[in-house]
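Heads up, the thing below is written out as structure tokens.
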Amino acid sequence: MEEIPVRVAVRVRPLLCKEILHNHQVCVRLIPNTQQIIIGKDRIFTFDFVFGKNSTQDEVYSTCIKPLVASLIEGYNATVFAYGQTGSGKTYTIGGGHIASVAEDKKGIIPRAIQDLFQSISENSSIDFNIKVSYIEVYKEDLRDLLELETSIKDLHIREDEKGNTE
Ligand SMILES: Nc1ncnc2c1ncn2[C@@H]1O[C@H](COP(=O)(O)OP(=O)(O)OP(=O)(O)O)[C@@H](O)[C@H]1O
């Protein structure tokens, strides 16, 4: 992957059944063979990657995320985050739903990245790996530990050390 520190991908989701029922219209179009979209009549925006309404989870993962997981194994850091208004498809794309009940091809970024990571580890038996996982929902000022099975609410706080690192 080229050395660009931040890359932005846009994914247009299909209209939901309820939106079709309410006769909602699509207002975002892709410009073929470019990384551009048009909003409304003439507002054009360019991104590093553009995915249309028929894009698959595999396509999004393989294009944007898989190379980052490979670079992790080489010792680089990577951050992936989804942003967008409510209902735009963040959870669907990131794969943060109930993984066990999701069909293989519908799995999002998280289960695919974890699978690739452990696959790479099993192929690199000469290297010592140390994996730590945290899964926290930040909603307004409240933090929720999603790996805490007993109680979903735990007294979590965001702290900064003297170097400005967040914990
Ligand atoms: N690419 C897609 N293909 C098919 N369905 C999608 C796609 N993206 C999202 N959806 C569907 O759209 C709905 C809203 O998506 P999702 O829950 O992921 O949004 P969100 O951005 O996480 O919303 P919120 O911020 O409210 O949590 C869900 O029913 C989801 O299954």
The one condition in (1) part of a strand (DSSP E or B); (2) closer than 20 Å to residue 147 by Cβ that residue 111 fails to fulfil:
(1)
Among residues of the stretch 52-89 being out of contact with any Phe, Trp or Tyr (no Cβ under 7 Å at 6 or more places or on another chain) and among the β-branched types (Val, Ile, Thr), the residue nearest to the ligand (Cβ to nearest atom) is 86
Part of a loop (DSSP other than H, G, I, E, B), touching a residue at least 12 places away in the same chain (Cβ under 8 Å), within 14 Å of the ligand (Cβ to nearest atom) and loosely packed, with under 11 Cβ neighbours inside 10 Å - does that describe any residue in the stretch 37-51?
no
When residues of the stretch 66-100 are filtered for being in a loop (DSSP other than H, G, I, E, B) and loosely packed, with under 12 Cβ neighbours inside 10 Å, how many remain?
11
Give the residue, chosen from 56, 86, 79, that is among the hydroxyl-bearing types (Ser, Thr, Tyr) and under 11 Å from the mean Cα position of the chain (by Cα).
79
Can you tell me which of (1) of a type outside the set (Asp, Glu); (2) out of contact with any Cys (no Cβ under 9 Å at 6 or more places or on another chain); (3) within 29 Å of residue 125 (Cβ to Cβ) is the one residue 55 doesn't meet?
(3)
Is it the case that the stretch 112-130 has a residue that's touching a strand residue (DSSP E or B) at 6+ places or on another chain (Cβ under 9 Å) and either within 16 Å of the ligand (Cβ to nearest atom) or of a type in the set (Lys, Arg) (or both)?
no
Residue list for the stretch 16-36, filter: surrounded by 15 or more Cβ atoms within 10 Å (Cβ to Cβ) and within 13 Å of the ligand (Cβ to nearest atom):
28
Is there a residue being assigned by TED's automatic domain parsing to the domain that holds residue 114, within 13 Å of the ligand (Cβ to nearest atom) and of a type in the set (A, V, I, L, M, F, W, C) anywhere in the stretch 90-97?
yes
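The values are calculated or read from the model by the stated rules, or taken from the named source; none is laboratory data. As the structure is a computational prediction, the values presented were derived from the model and not from experiment. Positions of Cβ are generated from backbone atoms using ideal geometry, with glycine treated the same way; all protein chains shown enter the neighbour counts.
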